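*Asks:* This is the structure I want to talk about, given as structure tokens.
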Amino acid sequence: MDSVLLRDNPLLVPLNRDKTLYDGFITVQDRDFRLRVLLPAAGGLKGARLHCCWQLKHLLQGYEHVVKQEVCLKSCPECRSIPPPQYYSRLISEMETLGWSRLLFIDTEFRTLRLKAEDSSGRQHVLTVKLKPKSTLDQLHRQFLLILESLSEFWDVLDQIDSNTWILEPEKPSRSDTMRRIAIGTNVSIKVEVDPKHPRMLPECCLLGAEHAVTPLRNKLNANMHLWNLDSGVLHNLRDVLEIEFPSPATHEKSSFSTECGICYSYRLESAVPDQVCNEPRCGQPFHQACLYEWLRALPSSRQSFYMVFGECPYCSKPITVKMAPQQC
Ligand code: ZN
Ligand code: ZN
């Protein structure tokens with residue numbers, strides 16, 4: 001069988017010792033086409049499979065009665081990824097409707113597109129799409145803009161926080177980050193979780209830092225909650241409720257807030273930041289929970305009770321405690 005196949009198609013090369021797999025080129029109407037043939041192990045052409053590109057498949061149309069008798073036609077995976085010419089015509093006409101200036105990137109296969117989208121506040125966003133059978137690029141882009149508009153107020157609130165305060169976490173906030181840890185003072189910060197659906201409402205708040213600094217703020221937050229005004233942003237409300245001015249990039253250096261851990265001397269430990277603080281007002285040294293726990297546990301003078309370890313601050317020797325379980329707010 002293989003001799004017949006090779007005699008008629010000298011550009012086909014057997015790929016295995018059993019000679020059931022061939023790859024190469026076949027000449028049809030003076031043109032060479034890439035072809036892969038899989039012969040059944042039993043021998044013969046019956047049930048053989050032909051992998052070819054769509055151009056050859058197109059030429060074989062009308063010969064299905066011959067081809068189907070012996071082989072079943074299948075496109076090979078690498079050839080299947082090449083779309084028919086209509087795909088490119090559609091892509092071009094849809095880009096023309098949308099505007100070429102919106103195209104930021106297209107991959108080498110012309111499948112994945114990145115489109116520019118600007119919301120009404122002038123924020124730039126990127127939409128990654130593929131051509132869909134039922135909707136045009138223009139429709140997809142419009143839908144995306146509608147979603148952006150629904151989140152516009154949420155980003156207004158966060159942009160105001162980001163540009164007027166020192167954000168300790170996340171290090172580089174993305175548009176999908178709803179949490180911000182805002183510096184209030186040395187080793188004192190507030191973590192807020194803004195609801196994208198109700199961005200002006202009182203967010204979930206958690207004050208972090210030494211007890212002597214955090215307690216008065218927590219009391220103010222509880223006492224002044226009724227002052228929360230839905231017409232102003234989260235930042236203004238936090239200022240009014242906590243009765244503080246947040247240190248801003250215009251007035252303070254960030255280094256005064258992102259203090260490293262007093263045990264490992266780094267700021268970030270995996271994803272944790274130093275959020276355990278010595279309560280002695282003159283010390284106020286921050287530690288990672290894991291570092292402080294390991295440190296205290298190793299000291300013979302420390303004692304453990306349930307999930308708490310009681311010991312001395314490595315810096316000022318005043319009593320300090322740490323929870324064993326992950327820190328929860
Ligand atoms: Zn540490
Ligand atoms: Zn201390």
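*Asks:* Can you pull out the residues in the stretch 88-125 that are in a helix (DSSP H, G or I) and of a type in the set (Ser, Thr, Tyr)?
*Replies:* Residues satisfying the conditions are Tyr88, Ser89, Ser93, Thr97, Ser101.
*Asks:* Any idea which of Ile263, Ile244 is within 16 Å of ligand 1 (Cβ to nearest atom) and at pLDDT 85 or above?
*Replies:* Ile263
*Asks:* Select from the stretch 311-325 the residues that are outside any loop (DSSP other than H, G, I, E, B) and surrounded by 14 or more Cβ atoms within 10 Å (Cβ to Cβ) and write down the one among them that is nearest to ligand 2 (Cβ to nearest atom).
*Replies:* Among residues in the stretch 311-325 that are outside any loop (DSSP other than H, G, I, E, B) and surrounded by 14 or more Cβ atoms within 10 Å (Cβ to Cβ), the one nearest to ligand 2 (Cβ to nearest atom) is Ile320.
*Asks:* Right, here's the next one. Could you count how many residues in the stretch 289-310 are assigned to a helix (DSSP H, G or I) and either surrounded by 13 or more Cβ atoms within 10 Å (Cβ to Cβ) or within 14 Å of ligand 2 (Cβ to nearest atom) (or both)?
*Replies:* Summing the residues that are assigned to a helix (DSSP H, G or I) and either surrounded by 13 or more Cβ atoms within 10 Å (Cβ to Cβ) or within 14 Å of ligand 2 (Cβ to nearest atom) (or both) in the stretch 289-310 gives 9.
*Asks:* Of all residues being aromatic (Phe, Trp, Tyr) and surrounded by 16 or more Cβ atoms within 10 Å (Cβ to Cβ) in the stretch 258-288, which is farthest from ligand 2 (Cβ to nearest atom)? Just the residue, please.
*Replies:* Residue satisfying both the conditions and the ranking: Tyr267.
*Asks:* Which numbered condition in (1) without any contact (Cβ under 8 Å) to a residue 60 or more places away in the chain; (2) of a type in the set (Val, Ile, Thr); (3) surrounded by 12 or more Cβ atoms within 10 Å (Cβ to Cβ) is the only one that Thr128 fails?
*Replies:* (3)
*Asks:* Looking at (1) under 30 Å from Glu245 (Cα atoms); (2) modelled with pLDDT of 90 or more, find the lone condition where Pro170 falls short.
*Replies:* (2)
*Asks:* Right, here's the next one. Taking the condition of being in contact (Cβ under 8 Å) with a residue 12 or more places away in the chain, under 28 Å from Pro170 (Cβ atoms) and either among the small types (Gly, Ala, Ser) or touching a helix residue (DSSP H, G or I) at 6+ places or on another chain (Cβ under 6 Å) (or both), how many residues in the stretch 271-323 meet it?
*Replies:* 6
*Asks:* Considering the stretch 197-213 alone, what residues qualify as being modelled with pLDDT of 90 or more and either open to solvent by less than 90 Å² (accessible area, probe 1.4 Å) or outside the structural domain of Glu169 (by TED's automatic domain parsing) (or both)?
*Replies:* Taking the stretch 197-213 as the starting set, the residues that turn out to be modelled with pLDDT of 90 or more are 197-207.
Selection gives Pro199, Arg200, Leu202, Pro203, Cys205, Cys206, Leu207.
*Asks:* Return only the number of the condition from (1) within 14 Å of ligand 1 (Cβ to nearest atom); (2) modelled with pLDDT under 85; (3) out of contact with any helix residue (DSSP H, G or I) (no Cβ under 8 Å at 6 or more places or on another chain) that Glu253 does not satisfy.
*Replies:* Result: Glu253 passes all but (1).
*Asks:* Further, regarding this structure: Six or more apart or on different chains, Cβ atoms under 7 Å: show the pairs whose first residue is in the stretch 255-269 and over 13 Å from Ala290 (Cα atoms) and whose second is open to solvent by 50 Å² or more (accessible area, probe 1.4 Å) and away from ligand 2 (no atom under 16 Å from the Cβ).
*Replies:* Filtered contacts from the stretch 255-269: Phe257/Trp166.
*Asks:* Still on this structure, I have one more. I'm trying to understand the selection: among the residues of the stretch 25-58, which are farther than 21 Å from Ile82 by Cα, open to solvent by 80 Å² or more (accessible area, probe 1.4 Å) and not polar (S, T, N, Q)?
*Replies:* Within the stretch 25-58, Asp30, Ala41, Ala42, Lys46 qualify.
The values are calculated or read from the model by the stated rules, or taken from the named source; none is laboratory data. Worth saying up front: this structure is predicted, and the values here are computed from it rather than measured. Positions of Cβ are generated from backbone atoms using ideal geometry, with glycine treated the same way; all protein chains shown enter the neighbour counts. Surface areas here come from the heavy atoms of the whole protein model, side chains and all, with no ligands, DNA or RNA. Shrake-Rupley method; radii C 1.70, N 1.55, O 1.52, S 1.80 Å.
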